[in-house]
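Here is the structure we will look at, set down as structure tokens.
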Amino acid sequence: MHATQFFEFARRIADGATDGGTVRMPPVAFRPIAGDEVARTVGRVAVGSPLNGSIEIAGPEPFRMDEFFRKALAAWGDPREVVADPHAHYFGAELNEPDLVPGDGATFGEITYADWLKGTAGE
């Protein structure tokens with residue numbers, strides 16, 4: 001099973017892309033998913049019939065990576081500025097447009113960013 005980035009890693013991703021008070025994010029497609037949905041899918045696949053292949057799972061909402069982090073930091077009250085930078089690295093790699101989204105036939109979760117954010121209040 002292949003999953004897109006987890007909402008739960010968003011703060012770490014932002015921290016890793018921070019230079020001073022600026023978060024540099026590539027303006028590429030990004031479709032994060034809640035870890036709970038990944039866990040449920042792993043469980044369902046583990047007890048189901050053999051797939052003899054792989055599946056991809058992603059969050060229900062498409063974002064541009066820079067826009068997602070701009071929105072997330074604002075929701076967290078984080079004053080860092082998010083800058084769209086096509087040459088920004090994501091864990092050491094320069095990204096191309098399709099690198100962080102699933103291909104055709106992917107399964108999509110149901111927990112939206114807003115729903116996930118409500119469940120993390122106080123973290």
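The values are calculated or read from the model by the stated rules, or taken from the named source; none is laboratory data. Note that this is a predicted model, so its numbers are computed, not measured. All Cβ positions, even for glycine, are placed from backbone atoms using ideal geometry, and neighbour counts span all protein chains on display. Each accessible area value is taken on the protein alone, full model and side chains, heavy atoms only, with ligands, DNA and RNA left out. Shrake-Rupley method; radii C 1.70, N 1.55, O 1.52, S 1.80 Å.
Quickly run through the stretch 97-112 and pick out the residues that are surrounded by 13 or more Cβ atoms within 10 Å (Cβ to Cβ), over 13 Å from the mean Cα position of the chain (by Cα) and of a type outside the set (A, V, I, L, M, F, W, C). It would help to see each step written out before you state the result.
Step one: list which residues in the stretch 97-112 are surrounded by 13 or more Cβ atoms within 10 Å (Cβ to Cβ), which gives 99-102, 106-109, 111-112.
Next, only the ones that are over 13 Å from the mean Cα position of the chain (by Cα) stay: 106-107.
Once the filter is applied, which keeps residues that are surrounded by 13 or more Cβ atoms within 10 Å (Cβ to Cβ), over 13 Å from the mean Cα position of the chain (by Cα) and of a type outside the set (A, V, I, L, M, F, W, C), the stretch 97-112 yields only Thr107.
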Next on the checklist: Can you find a residue that is open to solvent by 30 Å² or more (accessible area, probe 1.4 Å) and closer than 14 Å to Trp116 by Cβ anywhere in the stretch 11-24?
Outcome noted: yes
Checklist outcome for this item: Arg40 meets each of (1) in contact (Cβ under 8 Å) with a residue 12 or more places away in the chain; (2) surrounded by 10 or more Cβ atoms within 10 Å (Cβ to Cβ) with one exception, condition (1)
Checklist outcome for this item: Across the stretch 108-119, the tally of residues that are in contact (Cβ under 8 Å) with a residue 60 or more places away in the chain and part of a loop (DSSP other than H, G, I, E, B) stands at 3
Next on the checklist: If a residue must be in contact (Cβ under 8 Å) with a residue 24 or more places away in the chain and open to solvent by less than 70 Å² (accessible area, probe 1.4 Å), how many such residues does the stretch 43-96 contain?
Outcome noted: 26
Checklist entry - Considering the stretch 113-123 alone, what residues qualify as being surrounded by 10 or more Cβ atoms within 10 Å (Cβ to Cβ) and among the small types (Gly, Ala, Ser)? => result Ala114, Gly119
